[in-house]
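Okay, so here's the structure we're looking at.
The values are calculated or read from the model by the stated rules, or taken from the named source; none is laboratory data. Since we're looking at a predicted model, the values are computed, not measured. Positions of Cβ are generated from backbone atoms using ideal geometry, with glycine treated the same way; all protein chains shown enter the neighbour counts.
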Amino acid sequence: MPVLPPSFYQRPVLQVAPQLLGKKLCVKHEDGISRATIFEVEAYDGPLDLACHGARGRTPRTEVMFGPGGYWYVYFIYGMYWMLNIVTGAKDYPSAVLIRGAGEWDGPGKLTRALGITRNHNGQPAKRASGLWIEDAAVIPQKSIRRTARIGVAYAGEWAAKPYRFMLSKT
DNA sequence: GCAGTGATCATA
DNA sequence: ATGATCACTGCC
């Protein structure tokens, strides 16, 4: 299946996030390519969303979120884990999708650790040449997508309750 | 239920 | 320079 083009990402994050479910997260390594089916994501939507890093303004870390969609935003947290996000939307509007689960890996920290994703990927475009990209797959029917509140964002006031977490239903 | 672990950023 | 915070995980 083809690599998802920049135009796929350069749309509102709430459209992009559910459409990433079922797609293949692809990583190039020494012996070939790993492909993992994305089954859980979260949307972070712009300057008003208090859970979104971009809501606190431009900083060196969040700079890539303010660029156009289609680039990786990878950051380090809790002294141990890398979080993998794909930037979405238009330039100057900070939004991204956190990839929380793919393949056999349940949890965003475990996923990046298993796939060897680090700061090296931060700011890179999601294309083959970067060694990290996403390939298209069959569309997932609406009824097999579950929405809940996001994890670990209790500090975000009313934004914490927004149903911005999207998961493939089991079964 | 909570400790570990260190980059990041606001404050000074 | 300092200290609070943190989009997590694993062990209690």
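Taking the stretch A:99-111 as the region of interest, how many residues are surrounded by fewer than 20 Cβ atoms within 10 Å (Cβ to Cβ) and within 16 Å of DNA strand B (Cβ to nearest atom)?
Number of matching residues: 4.
Please find, among A:ALA96, A:ALA114, A:ALA90, A:ALA126, the residue that is within 17 Å of A:PRO6 (Cα to Cα), surrounded by fewer than 20 Cβ atoms within 10 Å (Cβ to Cβ) and either touching a strand residue (DSSP E or B) at 6+ places or on another chain (Cβ under 6 Å) or aliphatic (A, V, I, L, M) (or both).
None of the other options fit; the residue is A:ALA90.
Name the single residue, out of those in the stretch A:30-47 being within 18 Å of A:ILE151 (Cα to Cα) and away from DNA strand C (no atom under 11 Å from the Cβ), that is surrounded by the most Cβ atoms within 10 Å (Cβ to Cβ).
A:ILE38
I'd like to know if the stretch A:113-120 contains one or more residues that are farther than 24 Å from A:ASP49 by Cα, in contact (Cβ under 8 Å) with a residue 12 or more places away in the chain, touching a Gly at 6+ places or on another chain (Cβ under 9 Å) and within 16 Å of DNA strand C (Cβ to nearest atom).
Within the stretch A:113-120, one or more residues are farther than 24 Å from A:ASP49 by Cα, in contact (Cβ under 8 Å) with a residue 12 or more places away in the chain, touching a Gly at 6+ places or on another chain (Cβ under 9 Å) and within 16 Å of DNA strand C (Cβ to nearest atom).
Are there any pairs with C-beta distances below 9 angstrom linking a residue in the stretch A:48-76 that is within 8 Å of DNA strand B (Cβ to nearest atom) and hydrophobic (A, V, I, L, M, F, W, C) to a residue that is assigned to a helix (DSSP H, G or I) and at pLDDT 95 or above, with the two at least 6 apart or on different chains, and if so which?
Partner pairs satisfying both residue conditions: A:PHE76/A:ARG119.
Given the conditions (1) among the aliphatic types (A, V, I, L, M); (2) part of a loop (DSSP other than H, G, I, E, B); (3) within 16 Å of DNA strand B (Cβ to nearest atom), which single one is not true for A:LEU84?
So A:LEU84 meets the others, but not (2).
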